[in-house]
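One structure, pasted below without further comment.
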Amino acid sequence: MLVSGWLMLPASSGRVRLSRGWLMIKGGVIEALGEGDAPGSADLGGEDAVITPGFVDAHLHLPQFDSIGQDGLPLLQWLSTVIFPAEIRWSDPAYAASMTRRVIERLIRAGTTSIAAYATVHHEGSVAAAEELSRSGLRAIVGQVLMDQQAPSELCRPAKKLIAEAAAFVDRVEALKNPRLMASINPRFAISCSRELLIGAGELVHARGVYMQTHLGETVDECELAVKLHPWAFDDAARAGDEGGYTRIYESARLLTEKSLLAHGIYLSAQERSIVRQRGCVVAHCPTANTFLQSGIMPRREYVRSGIITALGSDVAGGPDVSMPRVARAMIDGAKTLAGPAALRRGGIDGGEDDARIPTPARAWWQITRGNAEALGLMDAGQLKVGAAADVLVVKPDEASNWHAAPDPLGTLLYAWDDRWLKATVVDGRAV
Ligand code: GUN
Ligand code: ZN
């Protein structure tokens with residue numbers, strides 16, 4: 001399959017650039033790529049098309065896609081009022097499967113080709129979701145949610161049962177032998193897990209070498225309750241004066257590795273940041289959710305500067321936007337709000353040296369493609385390059401936007417982005 005147009009190519013230090021060119025897709029891989037005129041008539045794209053890598057969403061909840069927009073509640077009340085009732089519906093695996101199919105279609109229509117996702121506490125429902133993801137061709141990291149306390153009885157299971165089910169979930173995903181599907185262990189957050197469950201999950205993470213997904217430091221109330229519920233994590237007298245806080249709970253349960261995806265991480269002390277950095281964990285920044293639930297603004301710049309790996313996630317339904325360009329915009333908005341009006345980007349439109357302070361559109365686009373792929377360890381994803389996976393979007397921006405004549409064409413593409421511009425989503429080399 002020959003695809004031509006304006007290619008969104010990797011540029012230096014975490015940015016993308018646009019250049020006219022073409023790519024040849026064969027067997028799910030970008031087999032050849034060139035700048036300039038295409039060597040034949042293209043199957044997809046054309047003069048006015050933009051060809052970008054598919055978007056990578058580093059954090060979302062499959063069972064929450066029908067719960068977008070239930071506004072006005074802080075995190076813990078929103079979970080009990082809106083989210084837990086929605087997740088209870090996944091007790092029926094057929095419902096979980098059909099909802100997952102709908103979610104997959106929605107993601108593909110938004111150009112998302114790779115995800116890190118949560119299912120629910122239901123084992124069969126989670127397996128059904130994994131099977132649907134496997135069939136879809138999407139690249140996914142997915143886990144059964146673990147919770148044994150502080151939630152309705154329908155969503156709690158004994159810790160021992162959950163650990164056995166989480167291990168069985170990893171087995172069932174591995175038995176699908178789909179290199180695009182990976183299992184994770186998902187203790188929801190410290191509040192909904194007992195000590196026994198967290199420690200069991202940590203053992204499993206090490207025994208199986210899999211990803212771990214959880215939430216950390218999203219709201220002040222959550223941090224206080226988590227620490228109160230887990231005094232055991234702070235037992236060690238040597239840790240007197242310890243400010244490892246909430247993060248210490250996961251650290252004590254051996255849940256923190258290079259394959260740990262920690263969502264939100266707004267409220268982290270200096271010591272917690274240092275634990276996260278030393279362990280090589282990824283903080284999944286979820287700016288749209290942080291605004292929607294009024295949780296706060298994550299100090300992204302400080303994290304990036306101190307060497308913490310950050311990714312970007314929609315956190316649907318905490319975040320109301322499925323579309324990753326919208327989430328990328330919210331990342332820029334948050335950085336602008338934190339920096340204040342005096343901090344116009346020092347280097348002008350392209351940000352110069354300091355675009356970590358307020359990310360440029362070129363960096364934001366990189367973040368939702370290659371940046372997220374690297375953070376999640378999906379090394380052949382998120383870029384247009386020979387040998388990379390053929391997860392590619394064909395976009396036809398509105399003519400009237402006159403985007404390529406703008407001083408910063410990437411700025412127009414990001415800020416004027418409309419899902420209706422998306423003409424084809426190529427997943428694993430197939431146009432779907
Ligand atoms: N913390 C624990 N569970 C959740 C969830 O489902 N969404 C968000 N935003 N935060 C959480
Ligand atoms: Zn979440």
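Taking the Cα atoms only, what angle lies between the long axis of helix 270-279 and the longest principal axis of the chain, rounded to 10 degrees?
70
Report, to one decimal in Å, the Kirkwood hydrodynamic radius for the stretch 391-432 based on all distinct Cα pairs.
Taking the inverse mean of 1/r over all distinct Cα pairs, the stretch 391-432 comes out at 11.1 Å.
Under the rule a/c < 1.5 gives rounded, and otherwise a/b versus b/c splits prolate from oblate, where does the stretch 334-431 land using the Cα gyration tensor? Each step should come with its number before you reach the end.
Working: a/c = 2.47, a/b = 1.38, b/c = 1.79.
It comes out oblate by the Cα gyration axes.
Residue separation times 0.36 nm, minus the C-alpha to C-alpha distance between Arg89 and Asp350: what's the value?
Answer, rounded to one decimal: 89.3 nm.
If you don't mind, another one. What angle, in degrees between 0 and 90 and rounded to the nearest 10, separates the Cα long axis of helix 195-208 from the longest principal axis of the Cα atoms of the chain?
50
Something else: Helix-derived [θ] at 222 nm for the chain: sum -39500 (n - 2.57) over DSSP H runs of at least 4, divide by residue count, nearest 500?
Helices in the chain give a 222 nm mean residue ellipticity of -9500 deg cm²/dmol.
I'd like to know which of Gln70, Ala431, Phe292 lies farthest towards the positive end of the charge dipole of the chain, counting +1 on Cβ of Lys and Arg and -1 on Cβ of Asp and Glu.
Most positive-ward Cα: Ala431.
With labels modelled as points extended 7 Å from the Cα through the Cβ direction, what inter-label distance (nm, one decimal) is found for Ala11 paired with Glu31?
So the label points at Ala11 and Glu31 sit 3.1 nm apart.
How tilted is helix 220-229 with respect to the longest principal axis of the chain? Cα atoms for both, answer in degrees (0 to 90, nearest 10).
40
Cβ neighbours within 10 Å, averaged per peptide: list 286-293, 96-103 in order, most packed at the top.
Per-residue Cβ counts within 10 Å, averaged per peptide and sorted highest first, yield 286-293, 96-103.
Evaluate Rg over Rh across the stretch 180-276, taking Cα atoms for both radii and Kirkwood's formula for Rh. List each step's numbers first, then the result.
Numbers: Rg = 12.8 Å, Rh = 13.5 Å.
Looking at the stretch 180-276, the ratio lands at 0.95.
Show me, for the stretch 154-165, the HN-Hα J-couplings you get by feeding each phi into the Karplus relation (A = 6.51, B = -1.76, C = 1.60, θ = phi - 60°), rounded to Hz, glycine and proline as x.
4, 10, 10, 9, x, 3, 4, 4, 5, 5, 5, 5
For a test of the definition: using alpha carbon positions, the gyration tensor, and the 1.5 limit on a/c, classify the stretch 1-139 as rounded, prolate or oblate.
Working: a/c = 3.28, a/b = 2.13, b/c = 1.54.
Cα axes put the stretch 1-139 in the prolate bin.
Still on this structure: Can you spot the lysines whose alpha carbon is less than 29 Å from Lys423's alpha carbon? Ignore those fewer than 8 places along the same chain.
Lys423 reaches Lys26, Lys385, Lys396.
Still on this model: Over the Cα atoms of the chain, how large are the radius of gyration and the largest Cα-Cα distance (Dmax), in Å?
For the chain, the Cα radius of gyration and maximum Cα-Cα distance read 21.2, 71 Å.
Choose one answer from Ala32, Ala311, Ala284: the residue with the largest mean-square fluctuation in a GNM of the chain with alpha-carbon springs under 10 Å.
Of the options given, Ala32 has the highest mean-square fluctuation.
So, one more: Taking the Cα centre of the stretch 21-125 as origin, sum charge times position over the Cβ atoms of Lys and Arg (+1) and Asp and Glu (-1), and report the length of that vector in debye to the nearest 20. Intermediate values should be presented prior to the final figure.
Numbers: 6 positive and 13 negative charges, 85 e Å.
For the stretch 21-125, the charge dipole is close to 420 debye.
Using only the Cα atoms of the stretch 59-197, build the gyration tensor, take square roots of its eigenvalues as a ≥ b ≥ c, and label the shape rounded, prolate or oblate: rounded if a/c is under 1.5, else prolate if a/b is larger than b/c, else oblate.
Taking the square roots of the gyration eigenvalues as a ≥ b ≥ c, the stretch 59-197 is oblate.
Which aspartates and glutamates, on any chain, are close to Lys336 with Cα under 19 Å apart, when same-chain ones fewer than 8 places away are left out?
Counting by Cα, and skipping residues close in sequence, Lys336 has these aspartates and glutamates nearby: Glu302, Asp350, Glu353, Asp354, Asp355, Asp408.
Provide the net charge surrounding Gly371, with neighbours chosen by a C-beta distance below 10 Å and charges set as Lys +1, Arg +1, Asp -1, Glu -1.
+2
May I pose another question? Between beta-carbons, use under 11 Å as the cut-off and find the net charge around Met324, counting Lys and Arg +1, Asp and Glu -1.
-1
Just so you know, all these numbers are worked out from the coordinates, no wet-lab data involved. This one's a predicted model, so the numbers in the text were calculated from it and none came from an experiment. All Cβ positions, glycine included, derive from the backbone under ideal geometry; neighbour counts span all protein chains shown.
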